[in-house]
Structures are given as C-alpha cells and as structure tokens.
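Please treat every number below as a calculation from the coordinates, not as lab data. Just so we're clear, the structure is a prediction, and the values are computed from it rather than from any experiment. Neighbour counts are summed over all protein chains in view; Cβ atoms, including those assigned to glycine, are modelled from backbone coordinates with ideal geometry.
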Amino acid sequence: DGFIKELECSEQEKKEGQVKKAQRKEERAKMRSAKAVIESQWQGTLAKHKEAVEKWEMECEGFAARREMKKN
C-alpha cells in the first residue's frame, strides 16, 4: 500500500515537473520575443540619433565655413 502511494506521488511530481518545464519554456520564448521588439526599437532610435548628429555636424561645418558663431 505504501509503495503504491509512493509510486503515485512520484508520477504526480514528474507530471508537475513537466508542466513547470513547459511553462518556463513558454516564458523564455515570450522574453525572447519581447527582447527582439525592444532591440528593434533601440536600433531605430540609434539610427535617428546618428542622423541628427550628422545633420548637426554639417550645420556646424557650415557655420565654420561662413565664419559665424555657432551659438548665434
């Protein structure tokens, strides 16, 4: 009688472990997906920033070529 209960308990623990493993796998997939979205947004922000810096540098070069002060 005790052996059967131990066996049933062991089987139940095994099933619970499999369920938890599947849940962790699903969570990792969600995290990877969210990370990919964030990375995509970050790359877009970096590209916009790079364009803004290049525009600013060209503007500064124009001021220097015209011998104007940058702050006026």
>> Which residue, VAL37, TRP56, VAL19, has the largest displacement toward the positive end of the dipole of the chain when charges sit on each Cβ (Lys, Arg +1; Asp, Glu -1)?
In response: TRP56
> About the Cα centre of the chain, what is the dipole size in debye to 20, counting +1 per Lys and Arg Cβ and -1 per Asp and Glu Cβ, all else neutral?
Replying inline: 400 debye
> Once both axes come from the Cα atoms, what is the angle between helix 2-65 and the longest principal axis of the chain, in degrees from 0 to 90, rounded to 10?
Replying inline: 0 degrees
> Over the chain, how many percent of alpha carbon pairs lie in each 5 Å bin up to the one with the longest distance?
Replying inline: 3, 13, 8, 9, 8, 6, 8, 6, 6, 5, 5, 4, 4, 3, 3, 3, 2, 2, 1, 0
> How much FRET efficiency would the formula 1/(1 + (r/R0)^6) give for GLN12 and ALA36, where r is the Cβ-Cβ distance and R0 is 30 Å, rounded to 0.05?
Replying inline: 0.25
> With labels modelled as points extended 7 Å from the Cα through the Cβ direction, what inter-label distance (nm, one decimal) is found for GLN43 paired with ALA22?
Replying inline: 3.4 nm
> Can you give the helix-only mean residue ellipticity at 222 nm for the chain, where every DSSP H stretch with n ≥ 4 adds -39500 (n - 2.57) and the sum goes over all residues, rounded to the nearest 500 deg cm²/dmol?
Replying inline: -33500 deg cm²/dmol
